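Since the structure comes first, as structure tokens, the remarks are kept for the end.
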Amino acid sequence: MKSTPEYRSFVALGDSFTEGMSDALPDGSYRGWADLLATRLAARSDGFRYANLAVRGKLIGQITEAQVQPAAAMGADLVTLVGGLNDVLRPQCDVGRVCATLEEAVVTLAPSCKQLVLMRSPGRRGPVLGRYRSRMERLFEHIDGLAEQHGALVVDLFGSEVLGDPRVWADDRLHLAEEGHRRVAEAVWQGLGYEPEWDWNAPLPPPAGTPWLVRRRNDLQFARAHLVPWVGRRLTGRSSGDGRAPKRPELAPPAGGDLV
């Protein structure tokens, strides 16, 4: 029988996807797939410790500069690195530079841990995905190559039909909602070699029809609440993560169910 791995420490790096937006808890904080995964790993290993250095809005250069060396110094058993999507979704992007910077991060992180996990990030079906698909696919091809070269694991979320379904995304249409994060946690769990608990890639039930007026009202609410502020930040060079610290900057035991 194949033995399952044991990870006694886990550090997650990245942007809003790994920070946990928009899997909101009652107190207004975010949980997300990395917290869910950490909870399950902690149940398997006494003395388990977890850090999450991800900060919303960060580009791959910022992730590499601020998160990679601290993560490498922690010497965690398991490291996840997801970044670059914020870069390729910008109108002006040097994809070659993004890939080179990601490679710098992988070269530093891979020797520091037992298992490095990279991801082909999920994409919500719609015009944005179509417009930037070629950039995303170029980034993902580079990720595949890095994984092969450095012994990393790649979890393919981009190829998942259900993770492209708008119903697993939040109202801002940029971040996964609770159901999306739950599925990502299970996907990574299975990718690490653990026994599946359920089919994370199972399709949702057929969608109910939405009246035209309701769809238009939703579009207007999205534009006012999310699109206009997002455009404003791009025009002024600001980021939603400016001045924000990581939610779990040090390896520490999950205390009293603080990830639930």
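Some points to look at:
- When segment 6-21 is filtered for residues that are more than 17 Å from residue 253 (Cα to Cα) and in contact with a strand residue (DSSP E or B) (Cβ under 7 Å, 6 or more places away or on another chain), the ones remaining, listed by number, are 13, 14, 17, 18, 19, 20, 21.
- Boolean, residue 166 is modelled with pLDDT under 95 and touching a Pro at 6+ places or on another chain (Cβ under 9 Å): yes
- If the condition is being assigned to a loop (DSSP other than H, G, I, E, B) and out of contact with any strand residue (DSSP E or B) (no Cβ under 7 Å at 6 or more places or on another chain), then segment 23-46 contributes 25, 26, 27, 28, 29, 31, 32, 43, 44, 45, 46.
- Residue satisfying all of: in segment 171-187; within 15 Å of the chain's Cα centre (by Cα) and open to solvent by 20 Å² or more (accessible area, probe 1.4 Å); farthest from residue 44 (Cα to Cα) among these: 173
- Every condition in (1) at pLDDT below 95; (2) under 28 Å from residue 156 (Cβ atoms); (3) open to solvent by 50 Å² or more (accessible area, probe 1.4 Å) is met by residue 201 except one, and the failing one is (1).
- Qualifying residue in segment 49-62 (condition: out of contact with any Ser or Thr (no Cβ under 8 Å at 6 or more places or on another chain), among the small types (Gly, Ala, Ser) and assigned to a helix (DSSP H, G or I)): no
- Among the conditions (1) at pLDDT below 95; (2) open to solvent by less than 70 Å² (accessible area, probe 1.4 Å); (3) more than 25 Å from residue 58 (Cβ to Cβ); (4) assigned to a helix (DSSP H, G or I), the only one that residue 190 does not satisfy is (1).
- Apart from one condition, residue 30 fits all of (1) open to solvent by less than 50 Å² (accessible area, probe 1.4 Å); (2) more than 12 Å from the chain's Cα centre (by Cα); (3) aromatic (Phe, Trp, Tyr); the exception is (1).
- Reported count of residues in segment 1-22, each being in a loop (DSSP other than H, G, I, E, B), more than 21 Å from residue 182 (Cβ to Cβ) and modelled with pLDDT of 95 or more, is 1.
- Residues of segment 19-31 satisfying the condition of being closer than 16 Å to residue 54 by Cα and out of contact with any Phe, Trp or Tyr (no Cβ under 8 Å at 6 or more places or on another chain): 29, 30, 31
- Top-ranked residue in segment 1-27 [being of a type in the set (Ser, Thr, Tyr) and more than 26 Å from residue 58 (Cβ to Cβ); ranked as surrounded by the fewest Cβ atoms within 10 Å (Cβ to Cβ)]: 3
The values are calculated or read from the model by the stated rules, or taken from the named source; none is laboratory data. Not measured: the values here are computed from a predicted model. When we count neighbours, we look across all protein chains shown, and the Cβ atoms used for this are built from the backbone with ideal geometry, even at glycine. Remember, those area values only see protein heavy atoms, side chains included, never the ligands or the DNA or RNA. Shrake-Rupley method; radii C 1.70, N 1.55, O 1.52, S 1.80 Å.
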